[in-house]
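To start, the structure under review is shown below, and the notes come after it.
Derivation of every value follows stated rules applied to the coordinates shown; laboratory data play no part. Model, not experiment: these values are computed from the prediction. Backbone-built Cβ (ideal geometry, glycine too); neighbour counts: all protein chains shown.
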Amino acid sequence: MYIIQNKIYTEEDWLNLSDNENAELIDGALIMLAAPSWKHQKVSANLTANFHYKLKGSGGDVYHAPCGIKLNENTENIYEPDLFVVCKDLYDLDKSCNIVRPSLIIEILSPSTGRYDKTRKLIHYINAGVEEIWIIDILDKEPIVTVYLKIENYNGAVYKKDSIVDALNGIKIDLKDIFDWREMIGE
């Protein structure tokens, strides 16, 4: 990740980036994102598959990066979370940058963005009133998931690899299914 801040960037600047440039626009700065690791992608794919299957027929859906979103109409900030789930109120599907009210945002930490994701972006998500936020740390030997719920004033609950997380008030996610990459490499 690197930050470009030689001027105040706008949504128009972000929309004019080439297709092979992944970036977020936060507080007038372009945050250029590096390609994720295979572990990151495996966890993302497993989560996407789990949520897709469990949300079928509910009217909700899961989306994954790269997909730029705005959390409300009154901001220039454009985020690219690793995954997000929308259960209702999806807006402006025809635009390049969707304005959504995600029920759940998931960030999977990587060496280049980990600190940023669990500080500045987490604060933005909380201030926007996102109902549920997951921060998944796969950087240490033992992966953990910290879940922040609006209904619980965003006090983080920590789950380890053998836990089952109750997402979105009723969807059970078994973390053993999410962290199966560990078995692939004999950890």
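For the chain, the residue among Asn20, Met32, Ile123 whose Cα projects farthest onto the positive side of the dipole built from Cβ charges is Ile123. Highest mobility in the GNM of the chain, judged by mean-square fluctuation with C-alpha springs under 10 Å and restricted to Asp162, Asp177, Asp140, is found for Asp140. Shown here for region 136-169: trypsin sites (Lys or Arg not before Pro) in loop regions (DSSP other than H, G, I, E, B) with at most 12 other Cβ atoms within 10 Å, namely Lys141. Under a 5 Å amide H cut-off, with hydrogens placed 1.01 Å from N, Asn22 pairs with Leu33 among residues at least 5 apart or on other chains. In the chain, the DSSP-assigned H stretches of four residues or longer account for a calculated mean residue ellipticity at 222 nm of -5000 deg cm²/dmol, using -39500 (n - 2.57) per stretch and the full residue count as denominator.
Using the Karplus relation 6.51 cos²θ - 1.76 cosθ + 1.60 with θ = phi - 60°, the per-residue 3J(HN,Hα) values for region 125-130 come to 5, 5, 4, 7, x, 4 Hz, with x marking Gly and Pro. Calculation over all alpha carbon pairs of region 37-184 in 10 angstrom steps from 0 returns a P(r) of 11, 45, 36, 8, 0 percent. About the centre of its Cα atoms, the chain shows a dipole size close to 440 debye [charges on the beta carbon of Lys, Arg (+1) and Asp, Glu (-1) only; nearest 20 debye].
By how many degrees, 0 to 90 and rounded to 10, does the Cα axis of helix 38-55 deviate from the longest principal axis of the chain? Orientation of helix 38-55: about 80 degrees from the principal axis.
Here the gap between Ser37 and Asp180, fully extended at 0.36 nm per residue and compared with their Cα-Cα distance, gives a gain of 50.0 nm.
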